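The values are calculated or read from the model by the stated rules, or taken from the named source; none is laboratory data. The structure presented is a predicted model; accordingly, all values stated were derived computationally and were not measured. Glycine also receives a Cβ, built like all others from the backbone with ideal geometry; neighbour counts cover every protein chain displayed. SASA here: full protein model, heavy atoms, side chains in, ligands and nucleic acids out. Shrake-Rupley method; radii C 1.70, N 1.55, O 1.52, S 1.80 Å.
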Amino acid sequence: MVGNLALSLAGHDKNQIYIIIREDDEYVYLCDGRLKPLATPKKKNKKHIQVINKGVDAELSNRIKENGSVRDEEIKRTIKLYEQKQSKQI
């Protein structure tokens, strides 16, 4: 799941979109580049997110999986582009 977008289903951040930057057995670590930057990712239970398999640039996804060499600005831009694409479809 690392490198994919995720939608928060529960908590005070419900309906917020993040990028999964790390994963454990039970938890994922999420980043949005704004309130939750790479330096301090949000720890969230896997049950409380919905993975979005499309919407992330393949190159960005690969960089997150391999070595984590991404910037908060790239994550913000990816999320913003996905949200714009979704609003045009509605």
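Hey, can you tell me all the residues within the stretch 9-35 that are among the charged types (D, E, K, R) and within 19 Å of Lys76 (Cβ to Cβ)?
Asp13, Arg22, Asp32, Arg34, listed by residue number.
For residues in the stretch 1-38 being among the small types (Gly, Ala, Ser) and either in contact with a His (Cβ under 8 Å, 6 or more places away or on another chain) or modelled with pLDDT under 95 (or both), which is nearest to Asn67 (Cα to Cα)?
Narrowing the stretch 1-38 to residues among the small types (Gly, Ala, Ser): 3, 6, 8, 10-11, 33.
This time we only want the ones that are either in contact with a His (Cβ under 8 Å, 6 or more places away or on another chain) or modelled with pLDDT under 95 (or both), so: 3, 8, 10-11, 33.
Working: Gly3: 11, Ser8: 25, Ala10: 29, Gly11: 30, Gly33: 17 Å.
Looking at the filtered set, the residue picked out is Gly3.
Only residues in the stretch 17-36 that are free of Cβ contacts under 8 Å to residues at least 24 places away in the same chain count as the first member; pair them with residues that are assigned to a strand (DSSP E or B) and exposed (fewer than 15 other Cβ atoms within 10 Å of the Cβ), Cβ under 7 angstrom, at least 6 apart or cross-chain, and list the lot.
Note: pairs meeting the criteria are Glu26/Asn45; Tyr27/Lys43; Tyr27/Asn45; Tyr29/Lys43.
Please work out which one of (1) surrounded by fewer than 18 Cβ atoms within 10 Å (Cβ to Cβ); (2) of a type in the set (A, V, I, L, M); (3) in contact (Cβ under 8 Å) with a residue 60 or more places away in the chain is the condition Ala39 fails and give its number.
It fails just one condition, (3).
Restricting the stretch 23-40 to residues that are among the aliphatic types (A, V, I, L, M) and closer than 18 Å to His12 by Cα, which is nearest to the chain's Cα centre (by Cα)?
Selected residue: Leu30.
Using the structure shown, decide if Glu83 is open to solvent by 30 Å² or more (accessible area, probe 1.4 Å), modelled with pLDDT under 95 and within 16 Å of Ser8 (Cα to Cα).
In short, yes.
Taking the stretch 56-75 only, how many residues are within 19 Å of Pro37 (Cα to Cα) and open to solvent by less than 80 Å² (accessible area, probe 1.4 Å)?
Let us first name the residues in the stretch 56-75 that are within 19 Å of Pro37 (Cα to Cα), namely 56-57, 60-75.
The next check asks that each one be open to solvent by less than 80 Å² (accessible area, probe 1.4 Å); those that pass are 56, 60-64, 68-70, 72, 74-75.
Within the stretch 56-75, residues that are within 19 Å of Pro37 (Cα to Cα) and open to solvent by less than 80 Å² (accessible area, probe 1.4 Å) number 12.
Could you identify the single residue in Lys46, Lys14 that is open to solvent by 50 Å² or more (accessible area, probe 1.4 Å) and in contact with a Phe, Trp or Tyr (Cβ under 7 Å, 6 or more places away or on another chain)?
Lys46
If a residue has to be under 13 Å from Ile20 (Cα atoms) and either over 16 Å from the mean Cα position of the chain (by Cα) or among the small types (Gly, Ala, Ser) (or both) to count, how many in the stretch 67-90 make the cut?
1
Tell me, which strands (runs of 3 or more DSSP E) wholly within the stretch 1-66 include 1 or more residues that are of a type in the set (D, E, K, R)?
On the way: elements: 5-8, 17-23, 27-31, 42-45, 49-52.
It comes to 17-23, 42-45.
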